Amino acid sequence: MTTVRFIGAGTPRPKRSIRISPKLASYLQATPLTLILGCFLALPLLMIIVVSFWDYDFAQMYPDFLLMNYEETLGSWVTWQTYFNTLKYAAMVWAITLFLGFWVAYFLAFHIRTTAMQMVLFLICTVPFLTSNIIRMISWIPVLGRNGLINSGLVNAGIVSEPVEWLLYSDFAVVLAMVHLYTLFMVTPIFNTLMRIDKSLVEAARDAGATSWQVLTNVIIPLAKPGMAIGTIFVVTLVMADFSTVQVMSGGQSASVALMMKNQMSLLQYPAAAANAVVLLVLVLLMVAGILRIVDIRKEL
């Protein structure tokens, strides 16, 4: 006798499992990020590179393949001075923010005992960053101006007979505003690195007879180099791309590459601005590559 088994509507059917190879699964997982980076990073960069070879006049751009924009960029002494001025700002701001950022992070990591108080003080450091960069930058004008707080205090105290002119609309004002804007970008990665240092290493160095200076230079600073490198990348790239601070705080008396590109775009010279953007991008990438050759930051990422 033959037995026939009927599967009704309510009887669950056996499920078929779809097996995906690990290699295909990794590609599928990376697809969303690849699409995002391709659409919002690679494609705009490609368009900038393409436009940098185009021709233009006072009214519009013309698709072409010319080296004129790069020749004007790299062959002009004014452009080289502008790049040098930008690198000068980057070097000065980097040195000051590295000094301030390291000691602030060192104080939070090694002199504040409780984690709760460390977080509270760190959040206090971030409070000014809840406001706009423009507002924080402009706030220095009534402080540094000819009739500002500092000059009024100096004149009233009899230290100077007349207001100091170089406090505002000068390179000093530009560097001061940038340090104010970007110091936290140096504090955060250094503080994160210092918090990962095993305190037993410091205690072992002290037990071996090392002074506080030797502990700092031989233990803490070498272990804090990845955080310093990450902060350096943040600060340098932000300074190189900043144009509003240079324009406002220098009173139009100084220039940077980003400000030059902004002026070119306002004059509809988009191919020339694109060529400057490509040169600036290459310069920043070379600087980042040099930092990565010196310090291995993979363990911090």
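The values are calculated or read from the model by the stated rules, or taken from the named source; none is laboratory data. All values derive from a computational prediction rather than experimental measurement. Cβ atoms come from the backbone with ideal geometry, glycine included; neighbour counts cover every protein chain shown.
Remark: pairs (first residue in the range 96-118, more than 12 Å from Gly231 (Cβ to Cβ); second residue of a type outside the set (S, T, N, Q) and not in a helix (DSSP H, G or I); Cβ separation under 8 Å; 6+ apart in sequence or on different chains) = Ala109/Ile197; Gln118/Ile112. Counting only residues that are surrounded by 11 or more Cβ atoms within 10 Å (Cβ to Cβ) and closer than 30 Å to Tyr56 by Cα, the range 281-299 holds 4 of them.
Mind checking which residues of the range 168-208 are among the charged types (D, E, K, R), in a helix (DSSP H, G or I) and over 22 Å from the mean Cα position of the chain (by Cα)? Listed by number, the residues that qualify are Lys199, Glu203, Arg206, Asp207.
Out of curiosity, is Leu238 assigned to a helix (DSSP H, G or I) and free of Cβ contacts under 8 Å to residues at least 40 places away in the same chain? Here the answer is no, as Leu238 does not meet what is asked. Among residues that are touching a residue at least 24 places away in the same chain (Cβ under 8 Å) and within 24 Å of Thr217 (Cβ to Cβ), Ile197 is included.
Per-residue answers, yes or no, for (1) surrounded by fewer than 20 Cβ atoms within 10 Å (Cβ to Cβ); (2) touching a residue at least 24 places away in the same chain (Cβ under 8 Å); (3) assigned to a helix (DSSP H, G or I):
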residue: Thr245; (1), (2), (3): no, yes, yes
residue: Val248; (1), (2), (3): yes, yes, yes
residue: Ala258; (1), (2), (3): no, yes, yes
residue: Lys262; (1), (2), (3): yes, no, yes
residue: Val279; (1), (2), (3): yes, yes, yes
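When the range 76-103 is filtered for residues that are closer than 19 Å to Leu281 by Cβ and either part of a loop (DSSP other than H, G, I, E, B) or touching a Gly at 6+ places or on another chain (Cβ under 7 Å) (or both), only Ser76 remains. In the range 281-301, how many residues are touching a residue at least 24 places away in the same chain (Cβ under 8 Å), assigned to a helix (DSSP H, G or I) and either within 17 Å of the chain's Cα centre (by Cα) or under 16 Å from Val239 (Cβ atoms) (or both)? Residues in the range 281-301 being touching a residue at least 24 places away in the same chain (Cβ under 8 Å), assigned to a helix (DSSP H, G or I) and either within 17 Å of the chain's Cα centre (by Cα) or under 16 Å from Val239 (Cβ atoms) (or both): 8 in total. Scanning the range 117-138 for residues that are under 17 Å from Ser244 (Cα atoms), crowded, with 16+ Cβ neighbours inside 10 Å and out of contact with any His (no Cβ under 9 Å at 6 or more places or on another chain) yields one hit, Asn133.
Scan the range 104-112 and tell me whether some residue there is of a type outside the set (A, V, I, L, M, F, W, C), closer than 26 Å to Gly252 by Cβ, surrounded by 12 or more Cβ atoms within 10 Å (Cβ to Cβ) and out of contact with any helix residue (DSSP H, G or I) (no Cβ under 6 Å at 6 or more places or on another chain). Checked against the condition, which is being of a type outside the set (A, V, I, L, M, F, W, C), closer than 26 Å to Gly252 by Cβ, surrounded by 12 or more Cβ atoms within 10 Å (Cβ to Cβ) and out of contact with any helix residue (DSSP H, G or I) (no Cβ under 6 Å at 6 or more places or on another chain), the range 104-112 yields no hits at all. Scanning the range 148-186 for residues that are touching a residue at least 24 places away in the same chain (Cβ under 8 Å), in contact with a helix residue (DSSP H, G or I) (Cβ under 6 Å, 6 or more places away or on another chain) and of a type in the set (Gly, Ala, Ser) yields a count of 2. A single entry from Leu41, Leu66 fulfils the requirement of being in a loop (DSSP other than H, G, I, E, B), within 19 Å of Met261 (Cβ to Cβ), out of contact with any helix residue (DSSP H, G or I) (no Cβ under 7 Å at 6 or more places or on another chain) and at pLDDT 80 or above: Leu66. Assigned to a helix (DSSP H, G or I) and among the small types (Gly, Ala, Ser) - does that describe any residue in the range 107-121? Checked against the condition, which is being assigned to a helix (DSSP H, G or I) and among the small types (Gly, Ala, Ser), the range 107-121 yields at least one hit.
Of the residues making up the range 139-152, one or more are assigned to a helix (DSSP H, G or I), of a type outside the set (A, V, I, L, M, F, W, C) and loosely packed, with under 15 Cβ neighbours inside 10 Å. Could you check, for the range 105-114, whether at least one of its residues is under 24 Å from Ala241 (Cα atoms) and out of contact with any His (no Cβ under 9 Å at 6 or more places or on another chain)? Checking the range 105-114: not a single residue is under 24 Å from Ala241 (Cα atoms) and out of contact with any His (no Cβ under 9 Å at 6 or more places or on another chain). Looking at Arg206, Arg196, just one residue is surrounded by 13 or more Cβ atoms within 10 Å (Cβ to Cβ), in contact with a helix residue (DSSP H, G or I) (Cβ under 7 Å, 6 or more places away or on another chain) and of a type in the set (D, E, K, R), and that residue is Arg206.
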